[in-house]
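What follows is a set of notes on a single structure, which appears directly below.
The values are calculated or read from the model by the stated rules, or taken from the named source; none is laboratory data. Not measured: the values here are computed from a predicted model. Here the Cβ is made from the backbone with ideal geometry for all residues, glycine too, and neighbour counts use every protein chain on show.
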Amino acid sequence: MSYASLLNELRLARGLVTALVDTLTDAEIRTLYHPDLSPPGWHLGHCAFTESAWLQATIGNDDRLTRPFAALYTPTETPRRERGAKIPAREALLQWSNELQSINDDLLEARSPQLMNHPLMQDNYLLHFLIQHYSQHYESILMVLTQRAIRSDNGDYVVNDPLRPQTPAHERVPVEPGHYKVGGRAPIAYDNELPPQQATLGPYSIASRALSNSEYLSFMQEGGYRRRELWSEAGWHWQQQHTFEHPDHWRKNISGDWYGIAARGAYALSSSEPVAGISLHEAEACANWAGGCLPHEHQWEVACHLQLLEDNGRAWEWCGNTFYPYAGYRSFPYENYSMPWFDDRHYSLRGGSLHTRPSIKRASFRNFYEPDKRHVFAGLRLVYDTHA
């Protein structure tokens, strides 16, 4: 993609994030709707700050506009619960972010030698990085707005075509044993996708489709949340603490029918759509119930490259391995993007959701969350006879 095209993509990514915040009130941009999700206004401020920190402070050696906001918009400096009170008023936030982005546009349009010769701009790396950064926060804001909608739901949504349970009956697609190439390519890939690896995989088969809403309902109705034998030790301990009985985004109306809640409110659950809003613990238990298991992320990536996954990208898919550095990993452009999460407490997810922007919907992209997180638009796909 050309430099001009990337600059247009960056403007589009900015606009999508801004548009979500622009629909909210001053109170809403400051509200912490979920303990694991920042207030929606913080995401816009963080994106504008990050863009400016790289272009103005790092490359341009001028931090006058970013220094006053560094503590607020650097995630490690201000806890989520404290961010809402510190966010500028709605109009001030929108004006400030727009002004920073305009200055950055001028810098990018000018293409000065100081900018273009900087290592961060090699092969337009920084433009790719910023587009993807905005795209990740766009999806995060939609998670926030989904939590807002869940809070305001009153349970009276009328379901015309109730969801019915269905036994999993997916086609199992075999993958031959062999040595496969996995990982990303510069300049688009994030550091945790690099360098490309050779994955040696034993024979396995993978479901052509992710587990659906109807199939997950069958897991629920067959007592999946109460059957100890389906859960890992950590998963059962977690379940006993919380006693969840359904995906995070599902609710039941007065007639006993299930429906979903998204950023815009209640909607009818499609029987064939991949389930979303479940933790790794729930995904593991459901996989055990269905007679399979969660894939290693390289099994998933290889199957994606082989075009064996029919509905990829409709819900993030939990993988059974923790998030880890590839052999030869080198942090870039800064150590804290991936390094802190190689902690054996975060698990990989692959694929993307309906809300994931194209810039990060690639086979090698590695998402990562702790196993108890349910606010993510995440479900599962089964593998069988695995020898990874």
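General observations
- Under the condition of being aliphatic (A, V, I, L, M), within 19 Å of Asp372 (Cα to Cα) and out of contact with any strand residue (DSSP E or B) (no Cβ under 7 Å at 6 or more places or on another chain), the residues counted in region 276-310 number 1.
- Summed over region 291-308, residues that are over 19 Å from the mean Cα position of the chain (by Cα) and crowded, with 23+ Cβ neighbours inside 10 Å total 4.
- Residues considered: Leu145, Leu130. Of these, the only one that is part of a helix (DSSP H, G or I) and more than 30 Å from Asn61 (Cα to Cα) is Leu145.
- Matching option when the condition is in contact with a strand residue (DSSP E or B) (Cβ under 9 Å, 6 or more places away or on another chain) and more than 15 Å from Gly260 (Cβ to Cβ), among Ala149, Ala210, Ala186: Ala210
- Condition check for Asn124: out of contact with any Lys or Arg (no Cβ under 7 Å at 6 or more places or on another chain), farther than 25 Å from Tyr190 by Cβ and not charged (D, E, K, R): no
- Test: Ser152 is at pLDDT 95 or above, polar (S, T, N, Q) and closer than 17 Å to Leu20 by Cα: no
- Candidates Glu109, Glu91 - the one that is closer than 20 Å to Pro39 by Cα and either at pLDDT below 95 or among the charged types (D, E, K, R) (or both): Glu91
- Residue check for Ser135: closer than 30 Å to Glu273 by Cβ, crowded, with 19+ Cβ neighbours inside 10 Å and small (Gly, Ala, Ser): yes
Table: residues versus (1) over 22 Å from the mean Cα position of the chain (by Cα); (2) over 18 Å from Leu382 (Cβ atoms); (3) modelled with pLDDT under 95; (4) not assigned by TED's automatic domain parsing to the domain that holds Leu24.
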position: Tyr216; (1), (2), (3), (4): no, no, no, yes
position: Phe219; (1), (2), (3), (4): yes, no, no, yes
position: Gly224; (1), (2), (3), (4): yes, no, no, yes
position: Arg228; (1), (2), (3), (4): yes, yes, no, yes
position: Ser232; (1), (2), (3), (4): yes, no, no, yes
position: Trp236; (1), (2), (3), (4): yes, yes, no, yes
position: His246; (1), (2), (3), (4): no, yes, no, yes
position: Lys252; (1), (2), (3), (4): yes, yes, no, yes
position: Pro274; (1), (2), (3), (4): no, no, no, yes
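- Scanning region 150-176 for residues being touching a Phe, Trp or Tyr at 6+ places or on another chain (Cβ under 6 Å) and assigned to a loop (DSSP other than H, G, I, E, B) gives a total of 3.
- Restricting region 1-27 to residues that are under 18 Å from Trp96 (Cα atoms), surrounded by fewer than 17 Cβ atoms within 10 Å (Cβ to Cβ) and hydroxyl-bearing (Ser, Thr, Tyr) leaves a set whose member that is modelled with the lowest pLDDT is Thr23.
- Residue list for region 106-121, filter: in a helix (DSSP H, G or I), free of Cβ contacts under 8 Å to residues at least 40 places away in the same chain and either among the small types (Gly, Ala, Ser) or closer than 21 Å to Ala189 by Cβ (or both): Ala110, Pro119
- Scanning region 95-116 for residues that are closer than 19 Å to Arg64 by Cα and aliphatic (A, V, I, L, M) yields Leu100, Ile103, Leu107, Leu108, Leu115.
- Some residue of region 72-86 being more than 26 Å from the chain's Cα centre (by Cα) and surrounded by 15 or more Cβ atoms within 10 Å (Cβ to Cβ): no
- Any hit, region 200-213, residues being aliphatic (A, V, I, L, M), closer than 23 Å to Asp156 by Cβ, assigned to a loop (DSSP other than H, G, I, E, B) and touching a residue at least 24 places away in the same chain (Cβ under 8 Å): no
The rows are residues; the columns are (1) among the hydrophobic types (A, V, I, L, M, F, W, C); (2) under 19 Å from Ala27 (Cβ atoms); (3) assigned by TED's automatic domain parsing to the domain that holds Gly45.
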| position | (1), (2), (3) |
| --- | --- |
| Ser97 | no, yes, yes |
| Ser112 | no, no, yes |
| Leu130 | yes, no, yes |
| Tyr134 | no, no, yes |
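- Only one entry of Asn160, Asn154 meets the criterion of being without any contact (Cβ under 8 Å) to a residue 24 or more places away in the chain and closer than 30 Å to Ser270 by Cβ, and that entry is Asn154.
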